[in-house]
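Student: I'd like to ask some things about the structure below.
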Amino acid sequence: MNNIGLDVEDPKELARRMSKLELEYAERLRKSVEGVKNPAVKAIMLAVAQDSVKHSMLYDTIVELLEGEGPLMDEAQMNRVSREINEHIRVEDEMLRSANALRSSASRERVKLVAKSIAEDEERHHRLLIAIRDAIVSSETLTEDEIWEMTWKYALWHGTPGG
């Protein structure tokens, strides 16, 4: 058991519990800034709350992955997702440059802190999108050529009666 009472021996149960805790934490964070007028404090706390919602979703994904492989993407889905990922990688790169420009030109520490937070998120997004594109999308896609290859390779008669 760890300090929040979670049994790490069962990964699915741990992921389910963490998903629930992240959602509870997100709600607590949102409530904690009700009525707060300071824009930096409010925005950062709400951003962390949003990250907790994201973490909950990712823990739910871990549960799904631990329960078995998900459905493969067909080639059309892979092409659509890959195009969008590539475009978003390009946009994230522009966003990262903008956040870094704000960070380096800011004279106020609060502005630098917020811009640094944005830049770090953009860097993480950039790396994650590349990893998804390179590792997950391509490995989770069954192309038409692969379908035909498997059909031919494992066909009993290879297109002729009796072999």
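Throughout, read-outs are computed from the coordinates displayed, never taken from laboratory work. Here the structure is a predicted model, which means the values were calculated and not measured. Please note: Cβ atoms are built from the backbone with ideal geometry, for glycine as well, and neighbour counts cover all protein chains shown.
Student: Loop-only trypsin sites (Lys or Arg not before Pro) in the range 39-118, please: DSSP not H, G, I, E or B, and at most 11 other Cβ atoms within 10 Å.
Tutor: Numbers: sites: K42, K54, R80, R83, R90, R97, R103, R108, R110, K112, K116; in loops: R108.
Here the sparse-neighbourhood loop sites are R108.
Student: When 1/r is averaged over all different Cα pairs and the result inverted, which Kirkwood radius in Å belongs to the range 1-137?
Tutor: On the way: mean 1/r = 0.0567 Å⁻¹.
Here the Kirkwood hydrodynamic radius works out to 17.6 Å.
Student: Take the Cα of H125, step 7 Å along the line toward its Cβ, and report every residue of the range 89-103 whose backbone nitrogen sits under 13 Å from that point.
Tutor: It comes to 89-100, nothing else.
Student: How far apart, in nm, are two points set 7 Å out from the Cα along the Cα-to-Cβ line at A43 and at K112?
Tutor: Placing both labels 7 Å beyond Cα along the Cβ direction yields 1.7 nm.
Student: To continue, here is another question. Please report I44, I130 as a ranked list, fewest other C-beta atoms within 10 angstrom at the top and most at the bottom.
Tutor: Values: I44 17, I130 14.
Lowest to highest Cβ neighbour count: I130, I44.
Student: For R30 and S98 in one chain, what is 0.36 nm times their gap in residues minus the Cα-Cα distance, to one decimal in nm?
Tutor: Numbers: separation 68, 0.36 × 68 = 24.48 nm, distance 2.76 nm.
That works out to 21.7 nm of additional length.
Student: For S117, S19, S107, what ranking results if the residue with the fewest other Cβ atoms within 10 Å of its Cβ goes first?
Tutor: Numbers: S117 16, S19 19, S107 6.
Result, fewest neighbours first: S107, S117, S19.
Student: Moving to a separate point now. How big is Rg to Rh over the range 72-143, alpha-carbon atoms, Rh as the Kirkwood inverse-mean-distance radius? Can you show the working numbers first?
Tutor: Details: Rg = 15.9 Å, Rh = 13.4 Å.
Reported Rg/Rh (Cα atoms, Kirkwood Rh): 1.18.
Student: Output the relative contact order of the range 1-70, whole-number percent, from Cα pairs under 8 angstrom with separation of 6+ residues. Don't skip to the end; give the middle numbers.
Tutor: Details: 56 pairs, mean separation 27.1, N = 70.
So the answer I get is 39 percent.
Student: Of K37/K116; K20/K42; K31/K54, which pairs sit farther than 20 Å apart, going by alpha carbon to alpha carbon?
Tutor: Numbers: K37/K116 22 Å; K20/K42 23 Å; K31/K54 18 Å.
Pairs exceeding the cut-off: K37/K116; K20/K42.
Student: If you rank Y25, Y59 by fewest surrounding Cβ atoms within 10 Å, what's the result?
Tutor: Working: Y25 17, Y59 20.
With the sparsest Cβ surroundings first, the list reads Y25, Y59.
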